[in-house]
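The values are calculated or read from the model by the stated rules, or taken from the named source; none is laboratory data. As the structure is a computational prediction, the values presented were derived from the model and not from experiment. Heads up, the Cβs are rebuilt from the backbone with ideal geometry, glycines too, and the neighbour counts pull from every protein chain shown. Side chains included, ligands, DNA and RNA excluded: accessible areas come from the protein's heavy atoms. Shrake-Rupley method; radii C 1.70, N 1.55, O 1.52, S 1.80 Å.
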Amino acid sequence: MRAVVVRRPGAASEVMRVESIPDPTPGPNDAVIAVAACGACFHDVVTRDGTLKNGVAMPIVPGHEIAGEIVAIGSEVREFRVGDRVASTQRSHICGHCRYCRSAREPLCAEAIFLGDRGLNGGYAEYVRVEADNLARIPEGVSFEGAAIAACAIGTELHAIGEIGRVRLGEKLLVTGAGGGLGVHGVQLARLAGAFVIAQTTSPAKVDALRAAGAHEVVVGPRGADFAAEVRERSAGGVDVVIDNVGSSQFQATRRSLAPGGRWVMVGQLSGEFTPFNPAQLFLRSISLLSATSTTRDELLTVLDLVERGAVKPVIGDLFALEDAADAHAAIERGGVLGRIVLSPRLASRSARAKPSSPFT
């Protein structure tokens with residue numbers, strides 16, 4: 001099969017190559033999926049360039065946001081059949097019996113294998129192998145592209161806003177990196193939860209789309225700018241919750257945007273940069289620092305239901321063929337794309353197709 005293989009860390013144009021590798025075969029609990037679409041996110045970038053090292057074992061086929069059709073199943077698989085349209089969580093394996101797996105917290109399973117981080121089994125390929133426990137059926141009317149980004153781009157924000165942030169009706173909430181693949185869906189979900197939503201972005205071109213997605217206010221400024229004063233002004237003293245999709249580069253501005261008693265949910269980290277801070281800056285104002293991991297299977301099912309009902313709209317910023325994966329990573333690093341970039345082994349080169357339109361433009 002064709003697959004994008006990364007054999008060493010480095011720049012996208014230097015280390016991402018389409019190769020022919022063996023097709024996967026299913027183990028007893030596995031399904032083999034013909035990939036129709038795979039989201040490309042900043043996790044893939046920091047895995048490929050070597051910034052993220054924990055759990056990464058090269059060579060790899062990147063990609064953990066997968067949708068497609070089952071073409072083979074293992075002898076123990078009962079829930080799915082060949083031909084089923086399915087989407088994956090971000091994992092290919094969980095143990096299924098630890099205290100985390102048994103309490104719908106399977107991203108914390110010690111045996112969990114994150115797709116695309118270890119070995120030649122990821123979504124930037126024609127086929128991928130995933131244990132059936134990590135799959136969900138795609139409802140009729142939901143596209144492969146929308147289903148592919150359901151777990152990561154949408155589900156991670158659902159997890160951050162609901163399970164971790166515990167956002168309540170009427171609370172004031174800031175979404176950082178709001179124009180990206182995570183953030184634009186966080187804006188929609190926060191509005192759906194009944195929050196007063198402030199979106200922060202570095203791109204003036206994304207303001208109208210963010211308002212259409214549900215933001216009550218949009219704060220715009222260049223990378224590294226201190227947006228805290230503007231957030232405090234627009235929220236009458238600071239926000240109750242931050243969904244932080246950016247991390248270190250905006251750490252101090254994000255901290256100063258919170259009201260006393262605020263909840264800071266960390267979701268994304270776009271660099272390997274460390275940030276020094278005094279813990280008293282948090283505990284003297286009773287600010288809680290929380291973290292959101294990846295999506296559970298139950299949350300993936302919830303997202304697919306929300307998408308099917310039109311309550312949340314997947315935002316596909318651009319589509320790329322496997323052969324153009326390095327260009328896709330370059331576009332992610334530039335940060336100008338609204339929403340999530342998606343790759344598909346079924347696409348021809350970029351010159352042979354049109355760029356998708358946003359549901360908010």
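Against the globular-protein guess of 2.2 N^0.38 Å, express the Cα radius of gyration of the stretch 130-218 as a ratio, rounded to two decimals.
1.16
Within 10 Å of each candidate Cβ there may be at most 14 other Cβ atoms; applying that plus a DSSP loop requirement, which GluC sites (Glu not before Pro) in the stretch 19-92 survive? All intermediate terms of the calculation are to be shown ahead of the outcome.
Values: sites: GLU19, GLU65, GLU69, GLU76, GLU79; in loops: GLU76, GLU79.
Here the sparse-neighbourhood loop sites are GLU76, GLU79.
Sorted by average packing, counted as other Cβ atoms within 10 angstrom per residue and highest first, what order do 248-261, 221-234 take?
Working: 248-261: 18.9, 221-234: 15.1.
Going by the mean number of other Cβ atoms within 10 Å, highest first, we get 248-261, 221-234.
Quick check: Cα centre of the stretch 80-119 to Cα centre of the stretch 234-267, how many Å?
Taking the Cα centre of the stretch 234-267 as reference, the centre of the stretch 80-119 is 31 Å away.
Scaled to the compact-protein estimate 2.2 N^0.38 Å, what is the alpha-carbon radius of gyration of the chain, rounded to two decimal places? It would help to have the intermediate numbers written out before the result.
Working: Rg = 19.6 Å, N = 361, 2.2 N^0.38 = 20.6 Å.
That ratio works out to 0.95.
Mind grabbing the base-10 log of I(q)/I(0) for the stretch 217-361 at q = 0.18 Å⁻¹? Debye formula, identical points on the C-alpha positions, no solvent, two decimal places.
Calculated log10 I(q)/I(0) at the listed q: -1.23.
With every protein chain left in place, what is the accessible area per residue of the chain in square angstrom, probe 1.4 Å?
It amounts to 41 Å² per residue over the chain.
How would GLU299, GLU140, GLU111 line up by accessible area, probe 1.4 Å, largest first?
GLU140, GLU111, GLU299
Mean separation of Cα pairs under 8 Å and 6+ residues apart, divided by the residue count of the chain: what relative contact order is that in percent?
Relative contact order, the chain: 19 percent.
Could you tell me the ratio Rg/Rh of the stretch 191-240? Both radii from Cα atoms, Rh via Kirkwood.
Over the Cα atoms of the stretch 191-240, Rg/Rh equals 0.96.
Roll a 1.4 angstrom probe over the protein heavy atoms and tell me the percent of accessible area of the stretch 1-82 that is carbon or sulfur.
Within the stretch 1-82, the accessible surface is 51 percent carbon and sulfur.
Pull up the DSSP beta bridges for the chain and report the antiparallel fraction as a percent, rounded to 5.
In the chain, approximately 55 percent of DSSP beta bridges are antiparallel ones.
Would you please report the Å³ per residue occupied by the convex hull of the alpha carbon atoms in the stretch 1-83? The partial results should precede the final answer.
Details: hull volume 9.1 nm³, N = 83.
Spelled out: Cα convex hull of the stretch 1-83, divided by residues, is 110 Å³.
Place the peptides 95-106, 280-291 in order of packing, highest mean first, counting for every residue the other Cβ atoms within 10 Å and averaging per peptide. Display every interim value, and only then the final one.
Values: 95-106: 14.6, 280-291: 13.0.
In descending order of packing, they fall as 95-106, 280-291.
Report, in whole Å, the centroid distance computed from the Cα atoms of the stretch 145-162 and the stretch 284-361.
Centre-to-centre distance over Cα atoms comes out at 9 Å.
So for the stretch 283-335, Kirkwood radius off the Cα pairs, Stokes-Einstein at 37 °C and 0.692 mPa s: how many µm² s⁻¹?
219
How do ARG78, ARG129 stack up against each other in accessible area, from largest to smallest, with a 1.4 angstrom probe?
ARG78, ARG129
What value does the stretch 235-289 have for Rg/Rh, both radii from Cα atoms and Rh as Kirkwood defines it?
0.95
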